[in-house]
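Just below is one structure, and these are the notes that go with it.
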Amino acid sequence: MNAIQKLLEQIRDTELVALTRDLVRIPSVYRPDDPEANESKVASFIEAWFRREGFGVEVQPVAPGRPNVIAWLGEAGRGRTLLLEGHTDVVTEGDPAEWSHPPFSADLVDGRIYGRGAADMKGGLAAAMLAAAAFKRAGLRPPGRLVVGALADEEGAMLGVRHLCRTLIGRQLHAAIICEPEQNEICLEQRGVVWARVRLRGRMAHGAMPEAGANPIPPIGTLLREVPALERRLRRIALRSRYLQPPTVTPTVLRAPIQGVPQANVIPSGSELILDVRLAPGIDGDGVRGEIDGLCRRVESAHPGIKVEWEPLGALRPPTKGAREEPLVQALGWAVKKVTGRAPRYGGVPGSTDGTILHTELGIPIVTCGPGNRLIPHQADEYVETRELVEAARIYAVAALKFLEG
């Protein structure tokens with residue numbers, strides 16, 4: 001029996017489905033006002049699982065209750081080091097009443113596991129875990145080092161991956177597969193992002209005497225009317241991509257007042273809008289800053305007495321692009337053919353992943369490939385198909401073997 005057959009024999013459908021459901025059942029929404037609402041419980045589960053499997057394990061405290069779990073087989077310096085990367089945090093479930101299945105029940109119905117994080121991305125993380133364990137169980141020593149990273153805070157400031165990049169094991173990485181939900185396509189590109197917090201300052205006054213103040217709420221309407229023009233300008237700057245959508249500018253948060261209790265008879269002193277700005281290749285930080293600065297100045301000029309300022313929430317994450325000639329891309333394409341019998345599909349990531357940070361800070365090639373419909377994350381009734389889940393685990397195992405063999 002060859003090495004590939006030995007690996008695939010160790011990836012059992014029922015075990016992978018059960019592991020994914022176990023991970024989904026552990027809520028890991030980060031809520032800053034609740035010390036129990038973080039990634040700590042799911043990280044403890046993953047740590048214990050890897051220790052039982054005989055992996056080397058390192059728990060990296062990133063923030064209170066928010067650790068990375070890093071597990072590995074093989075030794076650094078004995079060839080290439082490959083990371084299978086996933087994150088343990090999930091976005092809010094929103095209103096549970098909008099779900100057909102309770103958001104943390106991990107119901108299995110008609111070949112789908114339902115729950116917050118099923119696709120984004122506890123399914124991909126479970127597939128990576130079992131793919132790595134297949135080496136140990138099959139008695140195969142990776143010809144290099146195989147690392148699985150279960151990282152904190154991908155949905156926020158990406159503190160987990162930034163921390164990993166500063167550690168010794170992070171600096172020893174040669175490449176990474178990002179196990180995000182992309183329908184098992186081999187995604188060579190991903191869009192960048194900047195979250196722009198725009199604050200409008202006016203003057204507080206009585207609602208019955210608006211002439212005594214400067215209301216920062218009507219200028220929000222002007223700003224929103226300017227958003228499509230901002231998007232069009234960014235699209236003119238951007239380079240065309242075979243795999244990526246053009247830039248988008250999406251309002252996601254609106255707040256007034258910024259501080260204090262909202263009252264029906266009080267004009268607030270400030271309002272706030274957050275824009276989710278997605279970037280395609282060809283747009284750099286200076287270009288984005290200049291365009292958003294111009295937006296703010298136009299709103300100010302239309303509303304005397306209102307001051308408009310903005311700041312990025314975290315650092316700008318640039319777009320990334322990989323080539324089909326990269327050894328990691330070649331290994332994944334070869335693995336897809338071996339596992340599925342079909343030619344690989346190539347694509348692009350509509351959002352931004354931890355891979356952005358790995359690529360920009362470490363300079364390593366990254367490819368995104370994982371189970372789950374790319375349109376389903378962050379929605380009610382999020383799900384992952386078990387067929388894609390099993391396929392992903394097998395692809396990861398075979399691709400890791402091929403890449404590490406060099």
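The values are calculated or read from the model by the stated rules, or taken from the named source; none is laboratory data. If you're wondering where the values come from, they're calculated on a predicted model, not measured in any experiment. As a convention, Cβ positions derive from the backbone with ideal geometry for all residues, glycine included, and neighbour counts pool all protein chains shown. Accessible surface is based on the protein model in full, side chains and every heavy atom, while ligands, DNA and RNA are left aside. Shrake-Rupley method; radii C 1.70, N 1.55, O 1.52, S 1.80 Å.
Criterion first (of a type in the set (A, V, I, L, M), loosely packed, with under 14 Cβ neighbours inside 10 Å and under 27 Å from Leu173 (Cα atoms)) does Ala48 satisfy it? Yes; evaluated as a whole, the condition is true for this residue.
Would it be correct to say that Leu362 is surrounded by 17 or more Cβ atoms within 10 Å (Cβ to Cβ) and more than 25 Å from Arg112 (Cβ to Cβ)?
Numbers: surrounded by 17 or more Cβ atoms within 10 Å (Cβ to Cβ): yes; more than 25 Å from Arg112 (Cβ to Cβ): yes.
Yes; evaluated as a whole, the condition is true for this residue.
Listed by first and then second residue, the pairs with beta-carbon distance under 7 Å, at least 6 apart or on different chains, first residue in segment 264-289 and free of Cβ contacts under 8 Å to residues at least 40 places away in the same chain, second open to solvent by 10 Å² or more (accessible area, probe 1.4 Å) and not hydrophobic (A, V, I, L, M, F, W, C), form an empty list.
Would you call Val59 under 28 Å from Phe403 (Cα atoms), open to solvent by 20 Å² or more (accessible area, probe 1.4 Å) and within 21 Å of the chain's Cα centre (by Cα)?
Working: under 28 Å from Phe403 (Cα atoms): yes; open to solvent by 20 Å² or more (accessible area, probe 1.4 Å): yes; within 21 Å of the chain's Cα centre (by Cα): yes.
Yes; evaluated as a whole, the condition is true for this residue.
Can Val69 be described as of a type outside the set (Asp, Glu), closer than 26 Å to Pro365 by Cα, surrounded by 15 or more Cβ atoms within 10 Å (Cβ to Cβ) and within 22 Å of the chain's Cα centre (by Cα)? If you could, list the steps in order and put the result at the bottom.
Numbers: of a type outside the set (Asp, Glu): yes; closer than 26 Å to Pro365 by Cα: yes; surrounded by 15 or more Cβ atoms within 10 Å (Cβ to Cβ): yes; within 22 Å of the chain's Cα centre (by Cα): yes.
Yes: the conditions hold for Val69.
The C-beta contact set for segment 133-146 (first residue without any contact (Cβ under 8 Å) to a residue 60 or more places away in the chain, second residue open to solvent by less than 50 Å² (accessible area, probe 1.4 Å) and assigned to a helix (DSSP H, G or I), distance under 6 angstrom, 6+ apart or interchain) is empty. Here Asp107 passes the criteria (1) open to solvent by 10 Å² or more (accessible area, probe 1.4 Å); (2) touching a residue at least 12 places away in the same chain (Cβ under 8 Å); (3) closer than 20 Å to Leu23 by Cα except the one numbered (2).
Could you list, in sequence order, all residues of segment 249-301 that are of a type in the set (Val, Ile, Thr) and surrounded by 14 or more Cβ atoms within 10 Å (Cβ to Cβ)?
Of the residues in segment 249-301, the ones of a type in the set (Val, Ile, Thr) are 249-250, 252-253, 258, 261, 266-267, 274, 277, 283, 288, 292, 299.
Across segment 249-301, the qualifying residues are Val249, Ile258, Val266, Ile267, Ile274, Val277, Ile283, Val288, Ile292, Val299.
Scanning segment 353-406 for residues that are of a type in the set (Asp, Glu) and within 13 Å of Cys179 (Cβ to Cβ) yields Asp354, Glu388, Glu391. Leu244 satisfies every condition listed in (1) exposed (fewer than 15 other Cβ atoms within 10 Å of the Cβ); (2) of a type outside the set (Val, Ile, Thr); (3) closer than 24 Å to Ser352 by Cα except (1). Screening segment 304-332 for residues that are crowded, with 20+ Cβ neighbours inside 10 Å and more than 25 Å from Val194 (Cα to Cα) and picking the one that is farthest from the chain's Cα centre (by Cα) gives Ala331. Within segment 288-314, the set of residues being part of a loop (DSSP other than H, G, I, E, B), farther than 19 Å from Arg191 by Cβ and not small (Gly, Ala, Ser) comprises His303, Pro304, Ile306. For the residues Asp22, Asp13, Asp33, the requirement of being open to solvent by 40 Å² or more (accessible area, probe 1.4 Å) and in contact with a helix residue (DSSP H, G or I) (Cβ under 6 Å, 6 or more places away or on another chain) singles out Asp13. Scanning segment 369-406 for residues that are within 20 Å of Ser105 (Cβ to Cβ), part of a helix (DSSP H, G or I) and open to solvent by less than 10 Å² (accessible area, probe 1.4 Å) yields a single hit, Leu389. Has segment 56-70 got any residue that is out of contact with any Leu (no Cβ under 8 Å at 6 or more places or on another chain) and assigned to a helix (DSSP H, G or I)? So far as segment 56-70 goes, no, none of its residues is out of contact with any Leu (no Cβ under 8 Å at 6 or more places or on another chain) and assigned to a helix (DSSP H, G or I). Residues that are over 19 Å from Glu231 (Cβ atoms), hydroxyl-bearing (Ser, Thr, Tyr) and out of contact with any strand residue (DSSP E or B) (no Cβ under 7 Å at 6 or more places or on another chain) are absent from segment 310-329.
Just to be sure before I move on: is Leu234 hydrophobic (A, V, I, L, M, F, W, C), touching a Gly at 6+ places or on another chain (Cβ under 9 Å) and under 21 Å from Cys187 (Cα atoms) in the structure I sent?
Values: hydrophobic (A, V, I, L, M, F, W, C): yes; touching a Gly at 6+ places or on another chain (Cβ under 9 Å): yes; under 21 Å from Cys187 (Cα atoms): no.
Judged against the criteria, Leu234 is not a match.
In this structure, does Thr353 turn out to be within 17 Å of the chain's Cα centre (by Cα), buried (at least 17 other Cβ atoms within 10 Å of the Cβ) and modelled with pLDDT of 95 or more? I'd like the intermediate steps shown before the answer.
Values: within 17 Å of the chain's Cα centre (by Cα): yes; buried (at least 17 other Cβ atoms within 10 Å of the Cβ): yes; modelled with pLDDT of 95 or more: yes.
Considered against the rule, which asks whether it is within 17 Å of the chain's Cα centre (by Cα), buried (at least 17 other Cβ atoms within 10 Å of the Cβ) and modelled with pLDDT of 95 or more, Thr353 comes out as yes.
Would you confirm, using the coordinates I've provided, whether Arg278 is charged (D, E, K, R) and outside any strand (DSSP E or B)? Write out each step before concluding.
On the way: charged (D, E, K, R): yes; outside any strand (DSSP E or B): no.
For Arg278, the condition - charged (D, E, K, R) and outside any strand (DSSP E or B) - is not met.
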